Each structure stands twice: as C-alpha cells, then as structure tokens.
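Student: For reference, the structure I am asking about is given below.
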Amino acid sequence: QVQLVESGGGLVQPGGSLRLSCAASGRISSNNVMDWYRQVPGKQRELVASITSGSITNYADSVQSRFTISRDNAKNTVYLQMNSLKLEDKAVYYCKLRMGKFGYWGQGTQVTVSS
C-alpha cells in the first residue's frame with residue numbers, strides 16, 4: 001500500500017511564500033512521477049507541477065517562474081516552493097504519485113492567500 005502525506009499549507013499574505021512537502025511511503029518504484037495539483041470549490045483539479053524521478057520538471061503557465069518543484073528520492077518526498085503567491089493561488093493542494101498505470105493521492109493541504 002502506498003500512502004502520501006502532505007504538509008506545509010497555511011495562511012499567507014499576497015506576495016508571500018510557502019513550501020509544501022509530500023512524503024510517500026510503501027512500495028514505491030524508483031521510476032515514478034510526482035505531481036502537485038490544486039483544486040478550488042466548484043472547479044476541476046488542475047495540475048500545477050510535475051517532476052520525474054530523473055528531476056525533469058513541468059509547470060502550469062500560471063505558476064511558471066513563481067513555483068519550484070523538487071524532490072528527494074532518498075526520502076520519497078516531493079516539495080513545492082511557492083513564491084510571490086497571489087490571491088488566485090488559494091486552493092487545496094494535492095500531491096500525486098504515478099507509477100506506471102497507477103496513481104496515488106494524498107489527502108490535500110489547504111493554502112489560503114489573503115490580506
């Protein structure tokens with residue numbers, strides 16, 4: 001069984017920063033992709049950033065140059081450094097681990113951007 005636990009969400013003012021973490025445990029293949037998604041009420045979950053086990057990254061246009069995804073393969077942990085946060089970044093952020101045809105989700109962590 002694979003489990004993902006996110007942490008690091010919270011309340012921040014516009015222009016501020018937060019760092020999210022997602023630790024994976026269980027039977028994890030060394031060849032995998034880890035994603036960060038976010039979701040606001042009434043909208044579909046959207047992909048924010050992805051990183052392969054070889055550290056190839058991909059970002060949504062809306063967060064490019066503000067967010068940085070990274071990972072520590074030894075710890076099976078993925079991070080999302082979020083800088084210059086905007087009001088529209090407010091959402092529940094989820095991490096996802098993809099191994100082959102299987103995908104595993106964390107429980108989500110709330111990020112609130114408010115003045």
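Student: Looking only at the range 22-59, which residues are over 22 Å from MET82 (Cβ atoms) and aliphatic (A, V, I, L, M)?
Tutor: ILE28
Student: What residue, of LEU80, LEU85, is of a type in the set (A, V, I, L, M), in contact (Cβ under 8 Å) with a residue 40 or more places away in the chain and assigned to a loop (DSSP other than H, G, I, E, B)? Break it down into steps so the answer makes sense when it comes.
Tutor: Values: LEU80 fails: assigned to a loop (DSSP other than H, G, I, E, B).
Just a single option satisfies the conditions, and that option is LEU85.
Student: Here's another thing I want to ask about it. Do the conditions hold for LEU20, that is, is it open to solvent by 30 Å² or more (accessible area, probe 1.4 Å) and assigned to a strand (DSSP E or B)? Working first, answer last.
Tutor: Numbers: open to solvent by 30 Å² or more (accessible area, probe 1.4 Å): no; assigned to a strand (DSSP E or B): yes.
So LEU20 does not fit the description; no.
Student: In the range 23-71, which residue that is assigned to a strand (DSSP E or B) and among the polar types (S, T, N, Q) is least open to solvent (accessible area, probe 1.4 Å)?
Tutor: Step one: of the range 23-71, the residues assigned to a strand (DSSP E or B) are 23-25, 33-39, 46-52, 57-59, 67-71.
Next cut, among the polar types (S, T, N, Q) only: 25, 39, 50, 52, 57-58, 68, 70.
Numbers: SER25: 56, GLN39: 56, SER50: 12, THR52: 42, THR57: 61, ASN58: 91, THR68: 71, SER70: 45 Å².
Of everything passing the filter in the range 23-71, SER50 is least open to solvent (accessible area, probe 1.4 Å).
Student: Among the residues of the range 90-115, write down those that are outside any loop (DSSP other than H, G, I, E, B), open to solvent by less than 60 Å² (accessible area, probe 1.4 Å) and in contact (Cβ under 8 Å) with a residue 40 or more places away in the chain.
Tutor: Step one: of the range 90-115, the residues outside any loop (DSSP other than H, G, I, E, B) are 91-99, 102-105, 109-113.
Checking the rest, the ones that are also open to solvent by less than 60 Å² (accessible area, probe 1.4 Å) come to 91-97, 99, 103, 109, 111-113.
Of everything in the range 90-115, those that are outside any loop (DSSP other than H, G, I, E, B), open to solvent by less than 60 Å² (accessible area, probe 1.4 Å) and in contact (Cβ under 8 Å) with a residue 40 or more places away in the chain turn out to be ALA91, VAL92, TYR93, TYR94, CYS95, LYS96, LEU97, MET99, THR109, VAL111, THR112, VAL113.
The values are calculated or read from the model by the stated rules, or taken from the named source; none is laboratory data. Treat the numbers as computed from the prediction; the structure is a model and nothing was measured. A quick note on method: Cβ atoms are made from the backbone with ideal geometry, for glycine too, and the neighbour counts reach across all protein chains shown. Side chains are part of the model used for accessible areas, which takes the heavy atoms of the whole protein and leaves out ligands, DNA and RNA. Shrake-Rupley method; radii C 1.70, N 1.55, O 1.52, S 1.80 Å.
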